[in-house]
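Asks: This is the structure I have questions about; it appears just below.
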Amino acid sequence: MTALLILFIGNIGAVDTESYQFIDHLRSINLPREPEIFGDSVLFTAPASYNRLGISFAHEGYARVHWFKKFMIPKDVSELALEAKNRNASNFKDSGLLFHLETIPANIKFMDYRVIIDGLWTADPYNPRTVLGPSGIAESRIPLPEKPQNASDLTPPGTYRFNFRAPANETITVGGSFNNWDPFMYTLREEKPGFYTLLLSLPPGSFQYVFFHRGEWIPDPDNPKRRYSRDGRSVSEAIVR
């Protein structure tokens with residue numbers, strides 16, 4: 001039922017912002033804190049006491065401002081049982097948290113940015129790491145994790161490598177059209193803390209799949225190619241050559 005909490009935002013980037021995993025994580029944040037890596041994105045949080053809060057990034061040439069969104073929670077737990085089409089915004093309250101989720105671009109080691117708080121440009125007050133930008137203005141910086149290399153990047157012909165990021169010491173499985181969507185047959189191995197992988201031999205051609213984590217059906221966040229299953233759920237599609 002947790003997934004029925006309303007974000008009022010839709011999906012942002014590759015992370016599914018309506019997943020149990022993401023919403024549970026937001027609910028666990030009692031107070032705004034330093035930006036953190038979440039899946040293939042960076043999660044920024046701030047207090048809802050700001051009237052308007054935006055963020056702009058060096059990797060976009062500071063050409064865009066992304067506005068933070070409010071995280072809303074139900075006033076009454078019974079609201080969790082309602083379908084999305086019947087939800088009434090008046091039945092939800094402000095959690096006190098603003099957030100922005102930014103997908104990590106390829107080929108950068110640092111994410112540099114500035115925020116605009118109620119019309120004033122500044123470094124992020126919740127990030128202790130600051131640097132001087134090319135114009136001599138203070139910018140906030142986030143060191144980014146290196147992409148796992150070596151064995152995980154090698155995919156022999158006739159195989160497909162499944163990769164998934166999650167907290168350490170979790171159980172991640174994968175199922176799809178190749179095994180009648182069995183959620184228990186194939187378990188990914190944790191190659192590094194928080195990085196799970198599995199190499200499967202599969203017949204040539206296209207196939208569909210999803211990951212299973214804590215009982216949740218999760219399309220691959222790193223694969224933008226999506227299809228819909230017969231029962232209308234989103235699945236990932238890939239090709240074996």
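The values are calculated or read from the model by the stated rules, or taken from the named source; none is laboratory data. Fair warning: this is a prediction, and the values are worked out from it, not measured in the lab. Don't worry about glycine lacking a Cβ; one is built from the backbone with ideal geometry, like all the others, and counts go over all protein chains shown.
Asks: Scanning for something at positive phi and either assigned by TED's automatic domain parsing to the domain that holds Pro105 or surrounded by 14 or more Cβ atoms within 10 Å (Cβ to Cβ) (or both), does segment 219-240 turn up at least one residue?
Replies: no
Asks: Within segment 32-53, restricting attention to residues that are over 19 Å from the mean Cα position of the chain (by Cα) and within 16 Å of Asn127 (Cα to Cα), which residue is modelled with the highest pLDDT?
Replies: Ranking the qualifying residues of segment 32-53, first place goes to Leu53.
Asks: In segment 76-96, which residue that is assigned to a helix (DSSP H, G or I) and modelled with pLDDT under 55 is surrounded by the fewest Cβ atoms within 10 Å (Cβ to Cβ)?
Replies: Going through the qualifying residues, I end up with Lys85.
Asks: Separate question: Being within 22 Å of Glu237 (Cβ to Cβ), at pLDDT 90 or above and surrounded by 18 or more Cβ atoms within 10 Å (Cβ to Cβ) narrows it down to one residue among Phe99, Phe162; which is it?
Replies: So the residue among Phe99, Phe162 that is within 22 Å of Glu237 (Cβ to Cβ), at pLDDT 90 or above and surrounded by 18 or more Cβ atoms within 10 Å (Cβ to Cβ) is Phe162.
Asks: Given the residues Glu216, Glu170, Glu190, which is the only one that is surrounded by fewer than 20 Cβ atoms within 10 Å (Cβ to Cβ), farther than 21 Å from Arg241 by Cα and within 16 Å of the chain's Cα centre (by Cα)?
Replies: Every option except Glu216 fails the conditions.
Asks: Wholly within segment 19-69, which strands (runs of 3 or more DSSP E) include no fewer than the required count, namely at least 3 residues that are over 24 Å from His213 (Cα atoms)?
Replies: 41-47, 53-57
Asks: Continuing with the same structure: Pick out the one residue from Tyr209, Tyr196, Tyr186 that is under 24 Å from Phe38 (Cβ atoms) and modelled with pLDDT of 95 or more.
Replies: After ruling out the rest, the residue left standing is Tyr209.
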